[in-house]
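One structure below.
Derivation of every value follows stated rules applied to the coordinates shown; laboratory data play no part. Note that the structure is predicted; figures quoted are calculated from it, not measured. In this analysis, Cβ positions are derived from the backbone assuming ideal geometry, glycine residues included, and neighbour counts consider all displayed protein chains.
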Amino acid sequence: MKRTAFFISDSTGITAEVMGESLLSHFPGIEFDKQVLPYVDSEAKANEAVATINLAAERDGNRPIIFETLISKNLRRIITSANGFSFDVINTFLKPLEQELGAHSTSDVGRPRVASKDTNYIRRIEAINFALDNDDGARLNRYPQADIILTGVSRSGKTPTSLYLALQFGIYPANYPITEEDMEVFDLPKPLREYRGKLFGLTISAERLTAIRKERRANSRYASVDQCRREVAEVERLFEQYDIPYIDTTDVSIEEISTRILATTGIERHFR
């Protein structure tokens with residue numbers, strides 16, 4: 001079964017997407033075609049979104065699922081006129097919370113704060129820049145500033161996990177790929193030896209790794225099942241040898257990987 005899901009917002013759409021993705025993850029038997037429609041902040045844009053939703057409904061033969069975080073009642077009215085099943089992500093939770101707290105919420109719910117005055121925003125940007133600068137073993141001289149160094153075979157999920165840790169929690173992550181050349185001598189790669197206390201390993205099933213690598217280099221030794229099995233087995237043995245905590249990323253979302261890393265290491269989140 002396949003359904004279309006829209007994440008609609010008058011801002012970035014991150015809240016709608018995060019909440020919607022979380023809910024949809026409980027239906028693994030359904031394939032979702034996910035589309036984000038951010039900055040729907042005018043009637044014209046809302047009407048365009050409705051046209052897109054209706055087109056998807058006609059194409060699929062099923063109503064799309066809509067997760068929206070629109071502040072304007074008028075824009076919400078336009079969106080809910082579409083041939084879709086709509087969730088008001090904010091007010092579903094906000095109204096009961098107002099009743100419990102005995103207070104009214106502000107009208108700018110879900111909108112980003114002014115960047116220049118938001119220390120979380122500044123930390124987030126700095127952390128993302130750090131993650132990008134220290135991707136795939138770059139800038140080894142900055143490892144003393146890293147909160148964590150992710151390591152594992154190529155394509156085991158190090159880069160997306162690093163970026164998620166930076167974006168969501170303001171953590172300074174670096175990542176280092178353990179290559180076939182590194183495995184010729186059964187030892188930690190030299191750049192990592194000084195930072196064993198910061199290391200966290202990512203592993204993955206050989207079959208999944210093969211599928212991912214084939215998208216990059218089809219019909220190569222790098223993507224062969226035998227090569228992937230050999231690399232995964234060697235790296236896991238290395239993790240065990242040096243008592244490096246690690247997680248199998250095969251069937252785990254980036255969000256869960258990151259949460260488990262923080263729970264295991266005790267690294268402090270700079271924001272939630």
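Cut-off is 10 Å between beta-carbons; in what order do Arg229, Arg76 appear when sorted fewest neighbours first?
Arg229, Arg76
Can you give the convex hull volume of the alpha carbon atoms of segment 115-265 per residue, in Å³?
Details: hull volume 16.9 nm³, N = 151.
Cα convex hull per residue, to the nearest whole number: 112 Å³.
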Choice from Ala16, Ala233, Ala103 with maximal GNM fluctuation in the chain (Cα, 10 Å cutoff): Ala103
GNM result for the chain, Cα springs below 10 Å: residue of Thr92, Thr119, Thr161 fluctuating most strongly: Thr92
Long-range tail of P(r) for segment 2-101 (Cα pairs > 24 Å, %): 19 percent
For segment 164-177, Karplus couplings with θ = phi - 60° (6.51, -1.76, 1.60), whole Hz, Gly/Pro x: 5, 4, 5, 5, 7, 10, x, 8, 8, x, 10, 9, 9, x
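Using the 10 angstrom Cβ neighbour count as an exposure proxy, how do Ser105, Ser9 rank, fewest first? Present the calculation step by step, with values, prior to reporting the outcome.
Values: Ser105 13, Ser9 25.
By the 10 Å Cβ count, ascending: Ser105, Ser9.
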Phe32 long-range amide H proximity, modeled H, under 5 Å: Arg3
Percentage relative contact order, the chain, counting C-alpha pairs under 8 Å, at least six apart: 14 percent
Counted charge near Val185, where neighbours are those whose Cβ lies closer than 14 Å (Asp, Glu -1; Lys, Arg +1): -3
Note, ³J(HN,Hα) from phi for segment 3-10, Karplus 6.51, -1.76, 1.60, rounded to Hz, x at Gly and Pro: 10, 9, 10, 10, 10, 10, 8, 8
Lys pairs, the chain - Cα-Cα below 25 angstrom, 8 or more residues apart or on other chains: 11
Whole-percent pair-distance distribution, where bins are 5 Å wide, for the alpha carbons of segment 233-272: 6, 19, 24, 21, 19, 6, 3, 1
Projected label distance in nm at Thr265 and Glu194, using a 7 Å step from Cα toward the beta-carbon: 1.8 nm
Value at 222 nm in deg cm²/dmol, rounded to 500, when DSSP H runs of n ≥ 4 in the chain each add -39,500 (n - 2.57): -14000 deg cm²/dmol
Cα gyration tensor category, rounded, prolate or oblate, for segment 7-64 with a/c compared to 1.5: oblate
C-alpha center-to-center spacing [segment 49-97, segment 143-198] in angstrom: 41 Å
Fluctuation leader among Asp251, Asp136, Asp147 - the chain, Gaussian network, Cα springs under 10 angstrom: Asp251
4 °C / 1.567 mPa s Stokes-Einstein diffusion coefficient of the chain, Kirkwood radius on C-alpha pairs, µm²/s: 61 µm²/s
